[in-house]
1. Of everything in the range 396-406 that's more than 13 Å from the chain's Cα centre (by Cα) and aliphatic (A, V, I, L, M), which residue is surrounded by the fewest Cβ atoms within 10 Å (Cβ to Cβ)?
2. Could you please find all residues in the range 313-331 being charged (D, E, K, R) and surrounded by 21 or more Cβ atoms within 10 Å (Cβ to Cβ)?
3. So which of 354, 372 is outside any strand (DSSP E or B), open to solvent by 30 Å² or more (accessible area, probe 1.4 Å) and out of contact with any helix residue (DSSP H, G or I) (no Cβ under 8 Å at 6 or more places or on another chain)?
4. Which of the following residues is over 22 Å from residue 376 (Cβ atoms) and in contact with a His (Cβ under 7 Å, 6 or more places away or on another chain): 218, 200?
5. Which of the residues belonging to the range 379-395 are crowded, with 22+ Cβ neighbours inside 10 Å and farther than 26 Å from residue 351 by Cβ?
6. Would you mind telling me which numbered condition in (1) open to solvent by 20 Å² or more (accessible area, probe 1.4 Å); (2) within 21 Å of residue 120 (Cα to Cα) residue 254 fails?
7. For the range 213-253, how many residues are among the basic types (Lys, Arg) and either assigned to a loop (DSSP other than H, G, I, E, B) or closer than 20 Å to residue 151 by Cβ (or both)?
8. Within the range 333-351, work out how many residues are open to solvent by 20 Å² or more (accessible area, probe 1.4 Å) and either under 23 Å from residue 133 (Cβ atoms) or of a type outside the set (S, T, N, Q) (or both).
Amino acid sequence: GGQKWSISPNVLVVDDTGVHMEKIQSLLRRLAPGVEPNHYSLLGRTEDSSGPMSIMTRDLLKREDSQTHLKGGVPVSMQASKVAKAVVEILDNNWRQHRDNSFMSMRNDRSRTFFQLLLNLCTHANQILKEDALCLQLQSPIYVLGDIHGNFADLHFYLDQLCNFNALKYTASKFLFLGDYVDRGPGSVQVAAYLLAMKVLSPNTVFLLRGNHEMWTVNGDQLQYGEGSFKSCCQRMFGEAEGNRVWESMNETFSLLPLCGIIDKKIFCVHGGIPSYAGGPDVRIQALGDPNFPRFFSVEYNDTDNAQMRLYKRLTQELLWNDPQDGETMLDQFGFGPNCRGPNVCSFGLKAIKTFLDNHGLEFIIRAHEMKQEGLRVAKSAQVITVFTSSHYCGGDNGSAALYVADGKLRFISHMPAMKPMEMSPVRRASTGASGDTPTHGTMPRRRNSVGPSMPMMNGAGPARGPATAPVFRRNNPDQRFSLR
């Protein structure tokens, strides 16, 4: 028994010509002709692809009339709701008036009011986020969005399209954001504020995961990210002293964000990837339910950390940073290998994916963390889906995407904006590549005293080894419950 899931072969494409359905393979051939699409042939062919859609909505959350919302049986205070509404109203009004992704006008006439609102918003959000588990248990229907990286234009576009009747309370679907809300884009402060306000207003509808950029050692690295760093954005908007206060308050809130989520007990969602494993009892998800599992402000390794604390830090680090490997050779016996992002990050292949999915009764992995030209990628025998929700990333020409999980299908929405690449803050352009932090185009932000190679593998020891080559796209397990039809 149980509902069978499969991936839709179609993409809802939004571009300057309107809204229409298109086959994923067709979209790839048109936008990324160099990408080998053979693994997309595993997707279903019975999905209805008829007809354009018209989805219009305005003033997200502004007309949210409910005064309290239940979170774990505890009402969100009217004051928290009032603060969140004020933040959304300021940002919505400014965006409608100026359409400026860097919000230059707010630095002159709004910054002081907005400054105090943000500090209060963080306080209220902290109380709500503490109620969320580190591994969320979620139910469809739900929209899943990937990296936003300070791109308020794309965030507002998707919410305008996906929220019904001007308010979240009239939207049947939930929203899951996979992290990396800040850095690189000029609207980092506004994106983070808007999402936290959404969380306060609708804590049972909006869910925010932590990305590697929701770590102070990353978003405070002004040497690596220059004026595109979240810390620099805060200082530009509020001045150095007050900007630092906002940056510190936001990072305290970021430290409380969940690390992963599971939709309908079958779809694992995370920012980076699956943690490494070296045999024995597989407690990679179970460990997140430990009431003693800390919500780390950072995962820097300390000499005083015991083995359990090192394991918790490694688990946190790898959920935020790991990537699927493009190939399969020279991985270790468990399917893990080194990652060019750094010595504390792993890549994983088909064997690692199969073990993780089988051990936890899962079917798919949805993750973010890497820029894709069309905003999405289906890989690893169509078991791993990467979604990226920031177009014109670092001044490039990529599109953005989101996922809709409902009715036994994983459906794709791809936005290909016709506008010129948005004006980005001066950022190291070398970082524009296949990944948000691909060191082939720029090195991973340094994390002082970060978790070292001596940290234990999950239930075992042993370093990941070697690079990898092309994957094998095969899914013929007769016991597989979910098919890709």
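1. The residue in question is 406.
2. 313, 314, 318, 323
3. Only one candidate qualifies: 354.
4. 200
5. Residues satisfying the conditions are 389, 390, 391, 392, 393, 394.
6. (1)
7. 2
8. Residues in the range 333-351 being open to solvent by 20 Å² or more (accessible area, probe 1.4 Å) and either under 23 Å from residue 133 (Cβ atoms) or of a type outside the set (S, T, N, Q) (or both): 6 in total.
The values are calculated or read from the model by the stated rules, or taken from the named source; none is laboratory data. Note that this is a predicted model, so its numbers are computed, not measured. Quick reminder, even Gly has a Cβ in these numbers, built from the backbone with ideal geometry, and neighbours come from all protein chains shown. Calculation scope for accessible area: heavy atoms of the full protein, side chains included, ligands and nucleic acids excluded. Shrake-Rupley method; radii C 1.70, N 1.55, O 1.52, S 1.80 Å.
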